[in-house]
1. Would you point out which residue out of A:70, A:98 is of a type in the set (A, V, I, L, M, F, W, C) and facing chain D (nearest Cβ under 8 Å)?
2. Exactly one condition in (1) touching a residue at least 60 places away in the same chain (Cβ under 8 Å); (2) hydroxyl-bearing (Ser, Thr, Tyr); (3) not in a loop (DSSP other than H, G, I, E, B) is false for residue A:139; which is it?
3. Identify the single condition in (1) under 17 Å from residue A:19 (Cα atoms); (2) within 9 Å of another protein chain (Cβ to nearest Cβ); (3) of a type in the set (A, V, I, L, M, F, W, C) that residue B:208 does not satisfy, given that it satisfies every other one.
4. Run residue C:125 past the list (1) over 11 Å from the mean Cα position of the chain (by Cα); (2) among the aliphatic types (A, V, I, L, M); (3) under 19 Å from residue C:44 (Cβ atoms); (4) surrounded by fewer than 16 Cβ atoms within 10 Å (Cβ to Cβ) and report the number of the one that doesn't hold.
5. Within segment C:1-60, which residues are within 14 Å of chain B (Cβ to nearest Cβ), more than 30 Å from residue C:140 (Cα to Cα) and aromatic (Phe, Trp, Tyr)?
6. Going by the conditions given, is residue B:343 part of a helix (DSSP H, G or I) and hydroxyl-bearing (Ser, Thr, Tyr)?
7. With respect to residue B:212, determine if the residue is in contact (Cβ under 8 Å) with a residue 40 or more places away in the chain, surrounded by fewer than 16 Cβ atoms within 10 Å (Cβ to Cβ), under 27 Å from the mean Cα position of the chain (by Cα) and not assigned by TED's automatic domain parsing to the domain that holds residue B:433.
8. Where in segment B:164-220 are there strands (runs of 3 or more DSSP E), lying fully within it, with 2 or more residues that are modelled with pLDDT of 90 or more and out of contact with any helix residue (DSSP H, G or I) (no Cβ under 6 Å at 6 or more places or on another chain)?
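The values are calculated or read from the model by the stated rules, or taken from the named source; none is laboratory data. All figures in this text were calculated on a predicted structure; none of them were measured in a lab. Here the Cβ is made from the backbone with ideal geometry for all residues, glycine too, and neighbour counts use every protein chain on show.
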Amino acid sequence: MEKLTSPYKWGMVIDLDRCTGCGACVVACQAENNVGICEKQEIAEGRNMHWLRIERFWVGEYPDVRVRFLPVMCQHCQDAPCEPVCPVYASYHNPDGLNGQVYNRCVGTRYCGNNCPYAVRVFNFYPHEWPKPLDNQLSPDITVRARGVMEKCSFCIQRIRRAKEESSAEGRTIQDGEIQPACAQTCPAEAMTFGNLADPASRAARLARSPRRFHLLEHLGTHPSVVYLKGGGREHV
Amino acid sequence: MKRRTFLQLGGMTVASAFLAGCQGQNEKLIPYLIPPDEGVTPGKATYYASSCSGCPAGCGILVRVSEGRAKKIEGNPRHPVNRGRLCARGQAALQELYHPDRIQQPLRRSGPRGSGKFQKISWSEALDLLSDTLKELQQEPNTGSLALLTPQLTGSLATLTGVFMRSFGSTHHLAYELLAPDWLRLANRYSFGQPDLPFYDLAETRYLLSFGADFVENHLSPVQYGNAFGRMRQGRDTVRGHFTYIGGRMSLTGASADRWMPAKPGSEGVLALGLARLILAGSLHDKAALSNSGIRPEELLARLRNYDLQRVADATGLAKNSIVEVAREFATTRPSLAMAGESVAFQSNGLEAVRAIQLLNTLVGNLNRPGGVYPASADPSTGALLRKESSFSELLALIASMRAGKIKAALIKGNPVHTVPPVTGFQEALDTVPFIVSFATVLDDTALQAELILPDHAALESWGDVVPLAGSRTMVYGTMQPVVTPLYDTRQFADVLLATASRLGGPLAAALPEESFVEYLKFSQAQRFSSEKEEDLELLWVELLSGGGHFAPDQAPEKHYRWASSAVIADPPTPAFAGEANKFPLHLQVYPSTAFHDGRGAVLPWLQQLPDPMSTVVWGSWIEINPKTASSLGISQGDLVEVTSPRSSLRLPAVVYPGIRPDMVAIPLGQGHHGGGRYAKDRGVNPLTLLSLLNGKEQLAAWNATRVRVTRISKKGDLVSAGHPEGSYRGDLIGI
Amino acid sequence: MKRSWFVGGLIVSIGTIATLLAVMYLLPLDLTERSPVQPLAFSHKVHAGDNGIHCLYCHRYAPKSTVAGIPAVADCRSCHLFIAPDKPEVKKLIAYWDKGEGIPWIRVNNVPDHVYFPHMMHIRARIDCGICHGKVATMERISRTASLKMGWCLDCHRQHKASIDCWTCHL
Amino acid sequence: MSEPPVTTKSVSQVNDELLSSLRPPTLGWYLLAFFLGAVVACGLAAFTWQMMNGMYVTGKNRPVMWGFYITGFVFWVGLSHSGTMVSSILRLSRAHWRRPILRAAEAMTVFCITVAGLFPLIHLGRNWTFFYMIPYPNQRGLWPNFRSPLLWDMTAITAYIIGSTLFLYLGLLPDLAVVRDRTTGWRHKVYAVLAMGWRGSAREWSIYHKASTLMAALIIPVAVSVHSIVAWDFAVTVVPGWHSTIFPPYFVIGAILSGVAAVITLMIIIRKIFRLEEYLTPLHFDNMGKLLLVISLLWTYAYFVEVHITWYAHEPIEWEVFSFLSSNYTPQLLIMLVGNSLLPIIFLCFRKMRRSIGVMLMVSLWVNVAMFIERFLIIVPTLSHKNMPFAWGTYSPSLVETLVNLAALAGFALLFTLFAKFFPIVALSDVRELELREAKVPMGRARLSSIAGKE
């Protein structure tokens, strides 16, 4: 909670011109983060647990119809609407510029979920079960969330932690490209680039200066750490 | 206490405090009996390199293992096919290992066929039963009464099965997959005189013309091409590759295109030849390349005189100006690349159409050049098994034998009962086979028919080697190793074959003397790499396993494509369709689902709940209908509709899909399993049951040439989609 | 009479309120036994105290892993084949080995599952094992000396200027 | 001011009549209490079910994370304004006609805010960790987030519960003394303790008057702040449709509207049940009707302003939310407008209507139903169509939520029933005080007003 000076400000650049919408990131995220298995009923009720979703928009009418894909995960806003509304600091701002979520602190007011303009916070309406032996796949690095708490993308904080531990053992700072969240790691088209935006030389920071850059719902002034790059010229040449 | 229960109960401690009194609730802490190996630290994850066997692409994977349990599958960054990337199916393979409905030991049928009643037996009983049956067959004069059905195999398993069947004396080894690129090999043989699959240099191309080649989801090597697509778009500083997609249904791949040309089904060949004519007429062709290939432009132009713009526009239903534009762009933006895909090949004129598309590449000089198309590396050692050109005709031959009662026993790896279209009569023919052995991991549709189920290891428990399908120009050889100790009393398919061979004795045992598949692998690798590192095979073995295989990026093969001068370009015949147009007004396209491929992914919950990228539907089947067609039929999103083909009919929910021709409907493959564990069982429909059999040339089945009619049944389609149906059209609200 | 009732009531209610506040302060209550009886009467006093064996000799993973690790049965046996093989507790140990079973030790120092506690980071920061584990070398039977509650962790983190970002411990 | 009720009854007669509710309960009362108790028990069972299973038993989802519970919360907080506003405003403005309805209104405040305060606890995903929100020193070294409107809510509601309880208790004091003097046995003892030794001396009365005036003045800002803070729960967010500066006054006006309407409903019920026709005359309803009319006009204005600004600014997503609301929730929207604006304005303009008990009952009930719908329309359609169109959703309350809401209503009624049985529901002293003040004292041959004169 205390604002410490950190050499890191994690961010992600998503190039929509590369994104094919294939869904590999969605499964990668679910596999890495112990995200519950959502039964058909759950999703029908709008209680999908995916931390990362690919939005698909139809534009135009046949035959001039176009599809736009937009992978949306927690945007890790610098001025995050979710943070001030949480009465217990379960949603808080991390010194590295991430939006933290502390599951065991969460009381489940779901206020953050309402106030998140990106609708990326998911609530454990159901107690999620992993029928044996499927529970073996659960990662020991992160908590398995109980029902009644909010959860969301953490940019794979467990990977960030691991890299920090390793780099501190070697007495250095984390190098560019050393950390990759599961989604960015698996993205076949390399549409996602994760890195330290505080380091102007990092690949992510360089991409984030692209003229194609934009933030999602920029007018709300949330200052997200996720930068999107516009899909270039998906019209007739 | 489990982590989750703690969180649930954490706050309730007050209550439990008074109930539990002074009782301690300390956990147990059980030490290892023997300390773990050097290099393994408890509490720290270990990574094992292996290969993905989820589809023939054969990507390299790294499996993260903690405390003896596999936790996550990642791409192997050193692997040249997927370069550290992995698709959704590859990630989900973890759940094959930990599937709650895995078969835990050999089963023998105890009820009638298909009833799903089995009794547990031991491995020695099971192997006795198998070898006794096979022994009986061996004593018969006709040893061809044993059939082996597998997917298209690669590497040592392909050789092993080949040796097994040969030594047994049977020729009925069918390696059939619905989506196998036989058609492409066949077309390549006609066009270039060699059946090698192409490797498209997508990353370097500047203009991509895909005729229904859905390389993002399924075509040949999806991760490789997905990656290359990203580099084509934004991998170069100044060039952004352009992408035009041709096909009546906008697939996931088509969704990324800059231009979508919804040509009529079956008209793609005409379009390709029309484009060729325009290029030649405008003298935009690559003259050197043509003369290399021995094509005289004037002759070819004269040959194509029938494909004038008007005729092509009429046949395809496309606007003239866009055809002209595409022809000009394709010929002038070089390097360019034309790809042919399944939806084109699965027409009655598929072979001719694919060849016409290959002609386009030849015309503008895309053969054997960066940004163009090369022959992909192929594994020489596996021979014909890897290079099937007409496995469909082999399937038909096997069905005929089965019907004739010649087949007494069938060993089945894979799930053909689900993935072979019933119109072939395969399922009924299989019913006549008295002894069926299945090597399934879960009780799938085929295993339900089996007399004996010998559960295979999950891929992550198995040894093996994989030669990727068409994912690289250079030789790639991937290895598979078990990353966890097997969970259950299962045995690897190859090990069962070897054990059977030794039990049967005779020439079979002599041909397959190895006791286990690992030994066989070591032996075959010793042969394979003998020239390189003869002295230390053990070291080679360790290197192969730790690196995930042998990759030789520098060794560019000598093979090249050259238009076979003898190859005359054939006119694509007018497409034929099953079902009269007046009774069945809509073309049906069945396409491999992004998540399930041909259906093998449907057993895994992660894939079931992955929203289909295009329709955002989860946990089910659907039919895609153009909004205009839907409204004329009174159908709205989520309605239950009945699809009737000349063969049969199905009921499933409708998805209003703006990216499809009004005269077409499409259903994804993969669902409609009768078995397959709790996640797949009785979920959705299998559209293969609708298909009628229509052969193109050379026994290539035209799976996209069935017509159907669609009627609305009720409002309750039980459709669940992740995206809001109206919100999906309101990208304007967020400026997308 | 009335006054005595009033005073009595006052005392009772103040007592109740104080107890409730105390319980609230301590929530979640820790009910684990501080010094459970172990299946083997292993003495840290003998090993670490009298014989001066260093902690990391047996708990060898602590400097490089999140878990410190407890010695495998084989490790214990390899010494005790020669050292005091006749003592009854050592015989029990060998019996476990012969049966091929691990020893069902009872956990003494435990943090809840939603807490991520990396041993190696603490060793690296030169935090003495005793700060959390107490004077093990004097303990015949191991017992928990620290409260291991969040406030206790935070105090130490503050003192040592370690990170008190929530995500340091709650992943 | 208006004409006070002229009484010619003796003191004991008045006391008897006003305290009639304290007579031993009848079978009807038992039946009513049992019925209400049963409904509350159903609600408790539903809540237990929810706690054992998880929030999936409600209709909430992503993005509609709040639903009937918060609707109920806002609604009951709104109702709780009745007592304070009616009682203290009228007390401060010295409207004598207030006196017979005072007690009921104040009691209503206390019960409404108690019921309202339960909803935020019920709606928590992990109810058993509610104490994380309480600011107190703990071994975790953690404090709640004072920037969160939910914490403001908690503070404001706690303050309001305490304040309004004190307010009610203060008003009760002299009456408790009367009851004490008229009861025997253990009841006498209980009332004696509660009456805190009230003797009715002039000094006591003088202090009492000062205290109640002070309380009345203090409770108004608390009441206004409570509902402003509830409005801030919504207004401080970035949710389109909530992020609006007019919300605090709009909510307060809405609260008073529903509060006044509820008081009218209650007056009619009490009047009927306890046969207080002589004390609650059409005059009272006339005055309350005027109050309701004014507030309804204010509410209509505030609503118009809110919608008008949305329309005028025409921000795409804000407009999207409004058009979604008006197209998918048309019946509800119409009920809300009819109940909150049309009916009160049309009917209450006429004196005759205002003095008709039936009309007043109908109007006040409509207002309250409409007000509940208004809260629902603020919360649900807005959340359904938030900023990300792909993640839009829908909501319909589940059985559990409905049961809990019904139980809240029943619980309120039950509390009130019990209260009316054990405490004087009509402010005895206030009524008598008025009588005293209005009484003509013989002064020679003339009868002059008593020294108290007009308040």
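1. Values: A:98 fails: facing chain D (nearest Cβ under 8 Å).
Testing whether each residue is of a type in the set (A, V, I, L, M, F, W, C) and facing chain D (nearest Cβ under 8 Å) leaves just A:70.
2. Just one mismatch for residue A:139, condition (3).
3. Going through (1) under 17 Å from residue A:19 (Cα atoms); (2) within 9 Å of another protein chain (Cβ to nearest Cβ); (3) of a type in the set (A, V, I, L, M, F, W, C) one by one, residue B:208 breaks only (2).
4. Result: residue C:125 passes all but (3).
5. Step one: list which residues in segment C:1-60 are within 14 Å of chain B (Cβ to nearest Cβ), which gives C:19-40, C:42, C:56-60.
Checking the rest, the ones that are also more than 30 Å from residue C:140 (Cα to Cα) come to C:19-25, C:27.
C:25 - this is the single residue of segment C:1-60 that is within 14 Å of chain B (Cβ to nearest Cβ), more than 30 Å from residue C:140 (Cα to Cα) and aromatic (Phe, Trp, Tyr).
6. Values: part of a helix (DSSP H, G or I): yes; hydroxyl-bearing (Ser, Thr, Tyr): yes.
So residue B:343 fits the description; yes.
7. Numbers: in contact (Cβ under 8 Å) with a residue 40 or more places away in the chain: yes; surrounded by fewer than 16 Cβ atoms within 10 Å (Cβ to Cβ): no; under 27 Å from the mean Cα position of the chain (by Cα): yes; not assigned by TED's automatic domain parsing to the domain that holds residue B:433: yes.
It is false that residue B:212 is in contact (Cβ under 8 Å) with a residue 40 or more places away in the chain, surrounded by fewer than 16 Cβ atoms within 10 Å (Cβ to Cβ), under 27 Å from the mean Cα position of the chain (by Cα) and not assigned by TED's automatic domain parsing to the domain that holds residue B:433.
8. On the way: elements: B:172-175, B:198-200, B:207-211.
Once the strands (runs of 3 or more DSSP E) in segment B:164-220 are filtered for at least 2 residues that are modelled with pLDDT of 90 or more and out of contact with any helix residue (DSSP H, G or I) (no Cβ under 6 Å at 6 or more places or on another chain), what remains is B:198-200, B:207-211.
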